[in-house]
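**Q** Here it is, the structure, as C-alpha cells.
The values are calculated or read from the model by the stated rules, or taken from the named source; none is laboratory data. What you see is a predicted model; the values in this text were computed from it and never measured. Positions of Cβ are backbone-derived with ideal geometry, glycine not excepted, and every protein chain shown enters the neighbour counts. Ligands, DNA and RNA are stripped out before the accessible areas are found, and what is left, the full protein with its side chains, is counted by its heavy atoms. Shrake-Rupley method; radii C 1.70, N 1.55, O 1.52, S 1.80 Å.
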Amino acid sequence: MDGLYALKPWYADRLGGVRAALVRRRVSPDAVTAAGVAAGAGAGCALALTAPGPLAGLLVTLLLAARLACANLDGAIARETGRGTPWGSVLNELGDRAAELAVLAGCLALAPAWIVAAAALAATLPSWVSLAGAAAGARARRGGPSGRPSAACCSRSSRSPAGPSRCSPCSPPDRC
C-alpha cells in the first residue's frame, strides 16, 4: 500500500507550471529546499504566536501548503535540470526533517513538551530508519511509513556487489 505517497504524481502535475517557472529562472533545488524549511518554520511560529482561531488556521494551512510544494519541487527541479547530487539528496532529507521539527516546535505553545517530543519522534524515526537502511544498501521502498524518505535513495548502493549504481540519488525509481 502506497498511502498518501501514491498522490505524489498527481500533486507534481499540479505544480508543473511553478516547476517550469523555477527551472526557467534557474532557481537552485537547494534554494527551494531552504524555502521549504522557512515555510515550515513560519508554520511553527504561526502555531506558537497566533491565537488559536481562523487566522491561525489559515496561516498554518498556507505555510504548510508552501512547505509541501517546496518538498515536491526541489527534487523535481534537480532531476529536470540534471543538478541532482548526493549532497543535494542529503540536504533535501535534512531540510524535510528540519521543517517537520520546526512545525512541531510551534506546538510547544499548545501542548505539553512530552507530547510534542513523542510526536517529533513518531514523525521522524521512520525517515531515519529508512535512510540508514538505504545507506546500508537496502532496497528502496515506496510504501508504508518509510516510503517517502527512501524515494531519494537508489535501489542499489554504490558498495553493492553488483557494482556501482547507474543512477544518482535523485534519479526516479524507474531509472535505478
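**Q** Would you be able to tell me the number of residues in region 61-77 that are open to solvent by less than 20 Å² (accessible area, probe 1.4 Å) and either within 14 Å of residue 46 (Cα to Cα) or of a type in the set (Phe, Trp, Tyr) (or both)?
**A** Matching residues across region 61-77 total 0.
**Q** A further question follows. Among the residues of region 8-24, are any under 14 Å from the mean Cα position of the chain (by Cα), surrounded by fewer than 17 Cβ atoms within 10 Å (Cβ to Cβ) and among the hydroxyl-bearing types (Ser, Thr, Tyr)?
**A** Yes; the residues of region 8-24 include at least one that is under 14 Å from the mean Cα position of the chain (by Cα), surrounded by fewer than 17 Cβ atoms within 10 Å (Cβ to Cβ) and among the hydroxyl-bearing types (Ser, Thr, Tyr).
**Q** Considering only region 45-59, state which residues are of a type in the set (A, V, I, L, M) and either free of Cβ contacts under 8 Å to residues at least 60 places away in the same chain or open to solvent by less than 70 Å² (accessible area, probe 1.4 Å) (or both). Explain how you work it out, then say what you get.
**A** Pass one, region 45-59, residues of a type in the set (A, V, I, L, M): 46-49, 51, 55-56, 58-59.
Listed by number, the residues that qualify are 46, 47, 48, 51, 55, 56, 58, 59.
**Q** Are any of the residues in region 65-75 among the basic types (Lys, Arg) and under 15 Å from residue 95 (Cα atoms)?
**A** Yes, region 65-75 contains at least one residue that is among the basic types (Lys, Arg) and under 15 Å from residue 95 (Cα atoms).
**Q** Something else now. Quick one: is residue 69 farther than 23 Å from residue 125 by Cβ and without any contact (Cβ under 8 Å) to a residue 40 or more places away in the chain? Lay out the reasoning, then the answer.
**A** On the way: farther than 23 Å from residue 125 by Cβ: yes; without any contact (Cβ under 8 Å) to a residue 40 or more places away in the chain: no.
Judged against the criteria, residue 69 is not a match.
**Q** For residue 95, are the conditions met, namely being farther than 26 Å from residue 132 by Cβ and open to solvent by less than 40 Å² (accessible area, probe 1.4 Å)? Break it down into steps so the answer makes sense when it comes.
**A** Working: farther than 26 Å from residue 132 by Cβ: no; open to solvent by less than 40 Å² (accessible area, probe 1.4 Å): yes.
Here the answer is no, as residue 95 does not meet what is asked.
**Q** Which of the residues spanning region 102-124 are free of Cβ contacts under 8 Å to residues at least 24 places away in the same chain, open to solvent by 50 Å² or more (accessible area, probe 1.4 Å), part of a helix (DSSP H, G or I) and of a type outside the set (Phe, Trp, Tyr)?
**A** Here is the first cut: in region 102-124, the ones free of Cβ contacts under 8 Å to residues at least 24 places away in the same chain are 111-123.
Filter again for open to solvent by 50 Å² or more (accessible area, probe 1.4 Å), leaving 112-115, 117-118, 121-122.
Keeping just the survivors that are part of a helix (DSSP H, G or I) gives 113-115, 117-118, 121-122.
Residues satisfying the conditions are 113, 115, 117, 118, 121, 122.
**Q** Kindly check whether there is at least one residue in region 37-44 that is touching a Lys or Arg at 6+ places or on another chain (Cβ under 6 Å), surrounded by 21 or more Cβ atoms within 10 Å (Cβ to Cβ) and not hydrophobic (A, V, I, L, M, F, W, C). Before you say what the answer is, go through the steps one by one.
**A** In the first step, residues of region 37-44 are kept if they are touching a Lys or Arg at 6+ places or on another chain (Cβ under 6 Å); the result is 39-40.
Applying the additional criterion that residues be surrounded by 21 or more Cβ atoms within 10 Å (Cβ to Cβ) yields 39-40.
Narrowing further to those that are not hydrophobic (A, V, I, L, M, F, W, C): 40.
Yes, some residue in region 37-44 is touching a Lys or Arg at 6+ places or on another chain (Cβ under 6 Å), surrounded by 21 or more Cβ atoms within 10 Å (Cβ to Cβ) and not hydrophobic (A, V, I, L, M, F, W, C).
**Q** Are there any pairs with C-beta distances below 7 angstrom linking a residue in region 80-101 that is in a loop (DSSP other than H, G, I, E, B) to a residue that is not small (Gly, Ala, Ser), with the two at least 6 apart or on different chains, and if so which?
**A** If the second residue must be not small (Gly, Ala, Ser), the pairs left are 83/29; 84/169; 84/170.
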